[in-house]
Amino acid sequence: MKRRIEGLREAAQSAENELPGSVFLVRVEHLQYRWHAQKPFYLLLLSVLEPREFSGRTISGRLYCTSKALWKLSWFLRDFGYDTELLGRDELDEKALVGLRGIVKISHTTIHGTRLTNLDGFAPTGQWEELTGPVAKTRISEVA
């Protein structure tokens with residue numbers, strides 16, 4: 001028996017177009033706080049700048065705001081060059097984050113059939129050449 005399922009082709013193509021788990025130079029396009037009783041988080045939308053073959057593509061991910069996860073949010077803010085004065089006052093200005101640039105390492109996980117992008121690490125833009133040189137590419141591919 002054959003069935004026609006609208007949208008099946010697009011779903012398969014979107015999986016093919018997914019960014020590989022790797023290191024990317026990105027710019028913050030959008031940041032939005034989402035309240036959740038147990039795990040409040042910031043939803044991030046990042047635009048890929050480098051490598052050139054992925055330029056213009058986007059990465060979305062979550063940075064949780066629980067007491068156990070604040071270290072990762074702080075790491076992101078520090079490496080993307082967020083205003084240290086605001087950070088020192090425990091303030092996060094979403095508008096001040098838009099346009100900031102940095103490096104992000106991503107991977108993918110499937111949980112209960114849902115494909116999620118993990119934001120595994122961050123670095124300042126000044127480390128791009130160091131992280132993507134010939135030796136670094138070999139190390140990244142060995143880890144992935």
In the stretch 26-45, which residues are farther than 17 Å from Thr117 by Cβ and either open to solvent by less than 80 Å² (accessible area, probe 1.4 Å) or in a strand (DSSP E or B) (or both)? Tyr33, Ala37, Pro40
Subset of the stretch 69-103 (residues that are among the aliphatic types (A, V, I, L, M) and assigned to a loop (DSSP other than H, G, I, E, B)): Ala69, Leu92, Val98, Leu100
Looking only at the stretch 69-109, and only at residues there that are more than 22 Å from Val48 (Cβ to Cβ) and polar (S, T, N, Q), the one that is most open to solvent (accessible area, probe 1.4 Å): Thr84
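The values are calculated or read from the model by the stated rules, or taken from the named source; none is laboratory data. This structure is a prediction, so every number in the text was calculated from the model and none was measured. Heads up, the Cβs are rebuilt from the backbone with ideal geometry, glycines too, and the neighbour counts pull from every protein chain shown. Each accessible area value is taken on the protein alone, full model and side chains, heavy atoms only, with ligands, DNA and RNA left out. Shrake-Rupley method; radii C 1.70, N 1.55, O 1.52, S 1.80 Å.
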